[in-house]
Amino acid sequence: MERAPVTLKGAEELKEELKRLKTEERPRITQDIATAREHGDLKENAEYHAAREEQSFLEGRIQQLEGILSTAQIIDVANLNVDDRVVFGAKVDLADVETGDELTYEIVGDIEADIEKNKIAISSPIARALIGKEIDDVATVQAPAGIIEYEIIDIRYD
């Protein structure tokens, strides 16, 4: 079984979510089910069925998080010898060579990737093009819209 890489920060966020689901959400849903049962006939009790469905989704997410955390390879970027190169966990400031537009990406594991937070998966074309590069290098990315070139402005490991 291949262990999925996760940043130390990402692993902590997953642990916090798991803790919240177990200590806050699970008891709340259990109480919602108990309250709905008090309303009588369970066959036609929409509140009861909604609470049971929510419980099912919650238990599925708890199992998913426990599975991820039990097999994840947690990587602390602070302990890597990076020599100012782009590696897993790095935040990279880029400039589009053609347009000059600037953007920042953090390279993370597939599990914690979230494009809305500018976290890109290590398996993405952009991340693969950036890995191993240094400041002032140009990374060429084959995107669906064509080839895009990014100049690396800065690399941070925080």
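The values are calculated or read from the model by the stated rules, or taken from the named source; none is laboratory data. Only a predicted model underlies this, so the values are computations on that prediction, with no experimental measurement involved. With ideal geometry, Cβ positions are generated from the backbone for all residues, glycine too; neighbour counts draw on all protein chains shown.
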Select from region 39-83 the residues that are farther than 26 Å from LEU18 by Cα and surrounded by 13 or more Cβ atoms within 10 Å (Cβ to Cβ) and list them in ascending order. ASN45, LEU80, VAL82
Residue ID - surrounded by the most Cβ atoms within 10 Å (Cβ to Cβ), chosen from residues in region 17-38 that are closer than 14 Å to GLN55 by Cα and touching a helix residue (DSSP H, G or I) at 6+ places or on another chain (Cβ under 7 Å): ILE29
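Could you count how many residues in region 107-156 are in contact with a helix residue (DSSP H, G or I) (Cβ under 8 Å, 6 or more places away or on another chain) and surrounded by 14 or more Cβ atoms within 10 Å (Cβ to Cβ)? Reasoning before the result, please.
First, the residues of region 107-156 that are in contact with a helix residue (DSSP H, G or I) (Cβ under 8 Å, 6 or more places away or on another chain): 107-109, 111-112, 119-123, 139-143, 150, 152.
With the extra rule that they be surrounded by 14 or more Cβ atoms within 10 Å (Cβ to Cβ), the set shrinks to 107-109, 111-112, 119-122, 139, 141, 150, 152.
Counting residues in region 107-156 that are in contact with a helix residue (DSSP H, G or I) (Cβ under 8 Å, 6 or more places away or on another chain) and surrounded by 14 or more Cβ atoms within 10 Å (Cβ to Cβ) gives 13.
Would you say ILE131 is assigned by TED's automatic domain parsing to the domain that holds GLU13 and in contact (Cβ under 8 Å) with a residue 40 or more places away in the chain? So that I can check it myself, show each step before the final result.
Working: assigned by TED's automatic domain parsing to the domain that holds GLU13: no; in contact (Cβ under 8 Å) with a residue 40 or more places away in the chain: yes.
The answer is no for ILE131.
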Could you please tell me which pairs satisfy a Cβ distance under 9 Å, a separation of 6+ or placement on different chains, a first residue in region 99-119 that is assigned by TED's automatic domain parsing to the domain that holds GLU13 and at negative phi, and a second residue that is at pLDDT below 90 and surrounded by 12 or more Cβ atoms within 10 Å (Cβ to Cβ)? none
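Given the residues ILE68, ILE126, ILE115, which is the only one that is at pLDDT below 95 and in contact with a Phe, Trp or Tyr (Cβ under 8 Å, 6 or more places away or on another chain)? Write out each step before concluding.
Working: ILE68 fails: in contact with a Phe, Trp or Tyr (Cβ under 8 Å, 6 or more places away or on another chain); ILE115 fails: in contact with a Phe, Trp or Tyr (Cβ under 8 Å, 6 or more places away or on another chain).
Answer to the check: ILE126.
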